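Student: Please find one structure pasted underneath; my questions will follow.
The values are calculated or read from the model by the stated rules, or taken from the named source; none is laboratory data. Here the structure is a predicted model, which is why all the values come from computation and not from measurement. Here the Cβ positions follow ideal geometry from the backbone for every residue, glycine too, while neighbour counts run over all protein chains shown. Surface accessibility is based on the protein's heavy atoms, side chains included, excluding ligands, DNA and RNA. Shrake-Rupley method; radii C 1.70, N 1.55, O 1.52, S 1.80 Å.
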Amino acid sequence: MPKFTRLSDEQVEKLMKRSKKGGDSQRQITRQQYVDYLKQYKPGEWISVDLDAEENKQTVRNRLMRAAKTLGWKLNFVRSRGPIRFQILQSEK
């Protein structure tokens with residue numbers, strides 16, 4: 001069971017200041033990095049992505065799908081052990 005702790009007013013204030021600062025969140029930065037990686041390719045191409053030991057295959061796959069959606073693409077994944085393999089498809093709108 002996780003341990004729950006009530007935050008002090010000071011902790012809440014620090015947390016709120018941090019979240020209101022300008023700039024991109026880590027999530028936005030990561031999404032943009034994946035968009036930039038995918039921009040190197042074009043619809044119709046097949047891609048293989050090798051993962052580092054600390055990376056989770058499902059997380060990387062989800063990030064790829066989100067980045068592809070941003071570019072107006074769909075990804076056709078092929079099940080495989082090891083690297084993530086997929087084809088970039090033009091999204092039908």
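Student: Can you check how the C-alpha radius of gyration of the chain compares to 2.2 N^0.38 Å, as a plain ratio?
Tutor: Values: Rg = 18.2 Å, N = 93, 2.2 N^0.38 = 12.3 Å.
Compactness ratio reported: 1.48.
Student: Ok, one more. Within the chain, how many lysine pairs that are 8 or more places apart, or on different chains, have C-alpha atoms less than 18 Å apart?
Tutor: Step by step, the pairs that qualify in the chain add up to 8.
Student: Using a 1.4 Å probe, what is the accessible area per residue for the chain, in Å²?
Tutor: Numbers: 8090 Å² over 93 residues.
Counting only protein heavy atoms, the per-residue value for the chain is 87 Å².
Student: To continue, here is another question. Between Arg6 and Tyr37, what FRET efficiency comes out of the Förster formula 1/(1 + (r/R0)^6) with R0 = 35 Å and r the beta carbon distance, rounded to 0.05? Can you show the working numbers first?
Tutor: On the way: r = 41 Å, r/R0 = 1.18.
According to the calculation, E is roughly 0.25.
Student: Next question. Which FRET efficiency, nearest 0.05, do Gln90 and Ala53 yield, Cβ-Cβ r, R0 22 Å?
Tutor: Details: r = 34 Å, r/R0 = 1.53.
Computed FRET efficiency for Gln90 and Ala53 comes out at 0.05.
Student: Can you pull the percent of the chain's accessible area that's carbon plus sulfur, 1.4 Å probe, other chains left in place?
Tutor: On the way: 3860 of 8090 Å².
After summing per-atom areas, the C and S share lands at 48 percent.
Student: Computed on alpha carbon atoms, what radius of gyration and Dmax characterise the stretch 33-72, expressed in Å?
Tutor: Every Cα atom of the stretch 33-72 included, Rg and Dmax give 10.4, 30 Å.
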